[in-house]
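What follows is a short report on a single structure.
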Amino acid sequence: MIGEHNYNHYNINKKLVREKIATTELRVGMYVVELDRPWVDTPFLFQGFLISSEEEIDQLNEYCEYVYIDVTQTEITYREKRKNRTDVKSRRIYKVPVERELAVAVSDYDYAKKTVDHALSALRLSQEINTTEVKTAVKSCVKSVLKNPNAMLWLTQIKDKDDYTAEHSLRVSIMAVALGRELELLEKELEDLGVAAMLHDVGKINIPIEVLNKEGSLNSEEYELVKEHATHGRKLLMSKSDVPPVAVDVAYCHHEHLNGKGYPRGVTAEKIPFFAKIVSVVDAFDAITSDRVYSDARSTLEGLRILYDCRGQQFDEEIVRAFIRLVGIYPPGHIVELTNGEVGIILSCQRNNKLRPKLIIVRNTEKKSCAERIVDLSNEQKDQHGKPLRVKEIYTDGAFGVQLKEYKAKGLNFGLAVQ
């Protein structure tokens, strides 16, 4: 979008150095931070943007006589900057075991869920969003994800079909932050991404509830109404000066496709902000793998396959591959049956051994409740016959009577013996 806050080029670590310049002197590659008039009086967004085309210069000439640029900004792309980072490589080692972080993550997750509920309720009543509360909630989630993303990812598997909008917003925020971690974003960037992802669908409050919750396919008129939520979201967030500028971009652009076949504007890859590309992947995955009023949830593997098949056309390929690495074959929070008949809940997988997860055993070979214990299949576990213990089948919440909510309610602090 013209005037978008483009994280592909914006370096948040440099001090702003402003310089006044006539619009006739503008060149592609300059970073505009202020206009000679209010942003709302122009077709540009209120935040700064990197000039990427002569068309943008022509529009600046049409509306302004002079602007201010930040001379510290460069045309080094976001991906190029990440290649040179050394301060984030250690994140590949999880600082805290998932079973320990889960106990802490539960309270952060619950607070974030209440925050989303409060924000959506406020918007429905035409009240102000408590952005301080939103940022505090996201910051706690980011800290948990940086310690061990599997804890928060575990909690995203607890789903309530009747509370889809709020839970979807929270799940997308958590998964986007975890994906950002995988993409080696900095902590401040993860916080902005988390806020943007949490608010990505706020425009839906202006869509009739009977359309959003309609069972069955939407007709063309209803579909056009739903598509308007991206524009509604942009307008809502543009009026909030303390919301990260990227939140506006994400709300507006998370349904754009790389090939230009998305909405609301049908722009192509180079015009879609990096954070919007991240949220686009996570948003689609959560929608595919969740029960909706008009469709049943598909499996995690099917969801990943759909993302992979759409890479390079709808979704950014690098981001899709990173998301597949993050989720893996055995995602945290899924229920599995082992080859010996026992049933467990997946806690995590090692980065270099995705086929042998760590899990909590919750059902014995007869599928009855048993003393819970942790089993790490990467340690070459054997069954009662001396054969290697492996995952036989993977299931979602509710299989074999195992309800993730029950374990969340325990606070996940029960004494677990590690095997």
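Tell me, which residue of the range 374-388 that is among the charged types (D, E, K, R) and either touching a Cys at 6+ places or on another chain (Cβ under 8 Å) or in a loop (DSSP other than H, G, I, E, B) (or both) is nearest to Glu337 (Cα to Cα)?
Residues of the range 374-388 that are among the charged types (D, E, K, R), as a first pass: 376, 380, 382-383, 387.
Narrowing the set further to residues that are either touching a Cys at 6+ places or on another chain (Cβ under 8 Å) or in a loop (DSSP other than H, G, I, E, B) (or both) leaves 380, 383, 387.
Numbers: Glu380: 17, Asp383: 13, Lys387: 16 Å.
Step by step, filter the range 374-388, then rank; the result is Asp383.
Considering only the range 212-224, state which residues are surrounded by 16 or more Cβ atoms within 10 Å (Cβ to Cβ) and not charged (D, E, K, R).
Going through the range 212-224, the residues surrounded by 16 or more Cβ atoms within 10 Å (Cβ to Cβ) turn out to be 212, 222.
Across the range 212-224, the qualifying residue is only Leu212.
Residue count for the range 22-50, restricted to those that are within 16 Å of Asp249 (Cβ to Cβ) and part of a loop (DSSP other than H, G, I, E, B): 6. Filter the range 241-267 down to residues that are part of a helix (DSSP H, G or I) and not small (Gly, Ala, Ser) and give me whichever is surrounded by the most Cβ atoms within 10 Å (Cβ to Cβ). The residue in question is Val250. Could you tell me whether any residue of the range 208-220 is closer than 27 Å to Ser239 by Cα, among the small types (Gly, Ala, Ser) and at pLDDT 90 or above? No, the range 208-220 contains no residue that is closer than 27 Å to Ser239 by Cα, among the small types (Gly, Ala, Ser) and at pLDDT 90 or above. Each residue in the range 311-347 was checked for being modelled with pLDDT of 90 or more, more than 18 Å from the chain's Cα centre (by Cα) and of a type in the set (A, V, I, L, M, F, W, C), and 7 of them qualify.
Output yes when any residue across the range 170-191 is of a type in the set (D, E, K, R), modelled with pLDDT under 95 and in contact with a Ser or Thr (Cβ under 9 Å, 6 or more places away or on another chain), and no when none is. Looking through the range 170-191, none of the residues is of a type in the set (D, E, K, R), modelled with pLDDT under 95 and in contact with a Ser or Thr (Cβ under 9 Å, 6 or more places away or on another chain).
Tally the residues that are part of a loop (DSSP other than H, G, I, E, B) and either among the β-branched types (Val, Ile, Thr) or surrounded by 14 or more Cβ atoms within 10 Å (Cβ to Cβ) (or both), restricting the search to the range 292-305. Looking only at that region, the number is 5.
Conditions (1) surrounded by 17 or more Cβ atoms within 10 Å (Cβ to Cβ); (2) modelled with pLDDT under 70; (3) not polar (S, T, N, Q); (4) not assigned by TED's automatic domain parsing to the domain that holds Thr23, marked per residue:
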| residue | (1), (2), (3), (4) |
| --- | --- |
| Leu50 | yes, no, yes, no |
| Asn61 | no, no, no, no |
| Tyr66 | no, no, yes, no |
| Thr72 | no, yes, no, no |
| Arg82 | no, yes, yes, yes |
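Evaluated against (1) in contact with a His (Cβ under 7 Å, 6 or more places away or on another chain); (2) modelled with pLDDT under 90, Asn130 falls short on exactly one condition, (2). Going residue by residue through the range 191-200, is there one that turns out to be farther than 15 Å from Pro244 by Cβ and in the same structural domain as Ala322 (by TED's automatic domain parsing)? No - not one qualifying residue is present in the range 191-200. A residue that is under 21 Å from the mean Cα position of the chain (by Cα) and modelled with pLDDT under 95 occurs somewhere in the range 248-264.
From the list Glu222, Glu270, Glu215, which residue is assigned to a helix (DSSP H, G or I), farther than 27 Å from Val320 by Cα and among the acidic types (Asp, Glu)? Before you say what the answer is, go through the steps one by one.
On the way: Glu270 fails: farther than 27 Å from Val320 by Cα; Glu215 fails: assigned to a helix (DSSP H, G or I).
One residue alone meets the criteria, Glu222.
How many residues are small (Gly, Ala, Ser) and closer than 19 Å to Pro97 by Cα when one looks only at the range 353-384?
Filtering the range 353-384 down to residues small (Gly, Ala, Ser) leaves 369, 371, 378.
Filter again for closer than 19 Å to Pro97 by Cα, leaving 378.
Result for the range 353-384: 1.
Being closer than 27 Å to Asp160 by Cα and surrounded by fewer than 17 Cβ atoms within 10 Å (Cβ to Cβ): is that true of Gly401 here? Break it down into steps so the answer makes sense when it comes.
Working: closer than 27 Å to Asp160 by Cα: yes; surrounded by fewer than 17 Cβ atoms within 10 Å (Cβ to Cβ): yes.
Yes.
Taken as a whole, the condition of being in contact with an Asp or Glu (Cβ under 6 Å, 6 or more places away or on another chain) and either modelled with pLDDT under 95 or assigned by TED's automatic domain parsing to the domain that holds Arg171 (or both) applies to Pro244.
Matching residues to (1) touching a residue at least 60 places away in the same chain (Cβ under 8 Å); (2) of a type in the set (S, T, N, Q); (3) surrounded by fewer than 22 Cβ atoms within 10 Å (Cβ to Cβ):
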{"site": "Ser280", "(1), (2), (3)": "no, yes, no"}
{"site": "Thr289", "(1), (2), (3)": "no, yes, no"}
{"site": "Glu337", "(1), (2), (3)": "yes, no, yes"}
{"site": "Leu359", "(1), (2), (3)": "no, no, no"}
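Please work out if Thr156 is of a type in the set (S, T, N, Q) and surrounded by fewer than 20 Cβ atoms within 10 Å (Cβ to Cβ).
Numbers: of a type in the set (S, T, N, Q): yes; surrounded by fewer than 20 Cβ atoms within 10 Å (Cβ to Cβ): no.
Taking the combined requirement at face value, the residue does not satisfy it.
Pairing each residue of the range 31-56 that is more than 20 Å from Pro273 (Cα to Cα) with any residue that is at pLDDT 75 or above and assigned to a loop (DSSP other than H, G, I, E, B), provided the two are 6+ apart or on different chains, yields C-beta distances under 6 Å for Leu35/Cys64; Asp36/Cys64; Asp36/Glu65.
Taking Leu102, is it in contact with a helix residue (DSSP H, G or I) (Cβ under 9 Å, 6 or more places away or on another chain), surrounded by 22 or more Cβ atoms within 10 Å (Cβ to Cβ) and outside any helix (DSSP H, G or I)? So that I can check it myself, show each step before the final result.
Numbers: in contact with a helix residue (DSSP H, G or I) (Cβ under 9 Å, 6 or more places away or on another chain): yes; surrounded by 22 or more Cβ atoms within 10 Å (Cβ to Cβ): yes; outside any helix (DSSP H, G or I): no.
No.
The values are calculated or read from the model by the stated rules, or taken from the named source; none is laboratory data. Treat the numbers as computed from the prediction; the structure is a model and nothing was measured. A quick note on method: Cβ atoms are made from the backbone with ideal geometry, for glycine too, and the neighbour counts reach across all protein chains shown.
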